[in-house]
Amino acid sequence: MRDGLVASWLAGACVLGAGVSGCESAGRAPGPGGGRPAASAAVTGPEGQPAKPNPIGQSALRERAIEAVETLAKSTDAQTRANAVEAASYVPARLSDVIARGLRDASPGVRSVAAMAVGRTAMKDLAPQVTPLMADPSPTVRASAIFALAKCGVDVDRSPLARFLLEDPSAWVRRHTAFVLGELGDPSAIPLLRAGAAGSSLTPDQEKALHLQIAEAMVKLGDADALQVLRAALYPSRPEELEGTALAVQIIGQVRDRESIDPLIQLVEFKDRAGQQYPAEVRLGIAAALAGMGLPRGGYVADEYVASENPVLRAQAAFVYGEIADRASWGRLDELMNDADPRVRVAAAASVLRSARR
């Protein structure tokens, strides 16, 4: 999502109320699915609440999603395989083979995702297959392996995480390490995280993203003051800061910062003097964050982009529908699992499995 965000933002100031300019203009263009018109209203149940999926239809769609993940996990595209492994973690009992195969994948990104999946699901039977990754050439994979083994109850040396966070020249390695520290759930890591935010040789944009990732970890570990870093990033003063805004929105949704609900609602509806809204990626991220906090009415934002020419936006729309998880959203996901682009299909399948797990 974040890689293409600035490219879709036209030149101009982006201070709230002071000239936000330009947004993703292809958002409503018909996509490969035939350009069906977006639904204008969700199916509702008693007292206007979104109707829950039909149990029989839900079960059938879940089976379709499992089959899709099994197929997409064998894709020639590493990103699709990684996303399929992530989706497999929602049903580890059924798709453990997908995760195990991911641990042996040629792509370090897939191996890293697979190790994180082992840790999140505490798949102790896969711990022996994770152990060799402690010597992986990729520090990102090694950090994920530490997480997996620790969560599986293995006595593992965590000290390399400090070196990755403080010394690695890669911004991504440092961000991923901060994320791992937050997921490990050990508050004693807070001083290390503060040290990681204190200084770096990264570019300003890389440093901003690292600080947001560190703030997320600190919030997870109990430091509520770090929420201020995330909330401040909701208000970019330059177009270049929109990458950080998109990341902050995503994190706020993950940590369920309910005090940010009102600002998020304002941002998703905001228009500048020319009538332009925030870029599609930001608005979809807000809709997902709000839905994750129990406010599913942002589904109309996903409806705006479900037929976009951009498959990344269609995939994001699928994520939003997974967070809403009502009958209308499951109907959308059913359609998106037939999308021409495998990235959209795997996003839709993952959303079905994620929402069904609830």
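The values are calculated or read from the model by the stated rules, or taken from the named source; none is laboratory data. No experiment lies behind these values; they were computed from the predicted model shown. Positions of Cβ are generated from backbone atoms using ideal geometry, with glycine treated the same way; all protein chains shown enter the neighbour counts. Just so you know, the surface numbers come from the protein's heavy atoms only, side chains and all, with ligands and any DNA or RNA stripped out. Shrake-Rupley method; radii C 1.70, N 1.55, O 1.52, S 1.80 Å.
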Of the residues in the range 228-238 that are more than 18 Å from the chain's Cα centre (by Cα) and surrounded by 19 or more Cβ atoms within 10 Å (Cβ to Cβ), the one that is nearest to V255 (Cα to Cα) is V229
In the set Q228, Q266, Q276, Q316, the lone residue that is closer than 30 Å to L192 by Cβ and either at pLDDT 95 or above or of a type outside the set (V, I, T) (or both) is Q228
message: Take A356 and tell me if it is in contact with a Lys or Arg (Cβ under 7 Å, 6 or more places away or on another chain) and of a type outside the set (S, T, Y).
response: yes
The residue from L221, L193, L166, L184 that alone is of a type in the set (A, V, I, L, M), open to solvent by 30 Å² or more (accessible area, probe 1.4 Å), under 28 Å from A135 (Cα atoms) and touching a Gly at 6+ places or on another chain (Cβ under 9 Å) is L166
Determine if the range 259-269 includes at least one residue that is open to solvent by 10 Å² or more (accessible area, probe 1.4 Å), part of a loop (DSSP other than H, G, I, E, B), more than 26 Å from L95 (Cβ to Cβ) and of a type in the set (D, E). no
Result of the Cβ filter at 7 Å on the range 286-306, keeping first residues that are of a type in the set (D, E, K, R) and partners that are open to solvent by 10 Å² or more (accessible area, probe 1.4 Å), at least 6 apart or interchain, is D303/A38; D303/A39; E304/R28; E304/A38
For the range 239-258, the count of residues that are open to solvent by 40 Å² or more (accessible area, probe 1.4 Å), assigned to a helix (DSSP H, G or I) and closer than 16 Å to P296 by Cα equals 3
The number of residues in the range 84-116 that are open to solvent by 40 Å² or more (accessible area, probe 1.4 Å), outside any helix (DSSP H, G or I) and hydrophobic (A, V, I, L, M, F, W, C) is 1
Considering residues that are among the β-branched types (V, I, T), in a helix (DSSP H, G or I) and open to solvent by 50 Å² or more (accessible area, probe 1.4 Å), the number found within the range 196-218 is 0
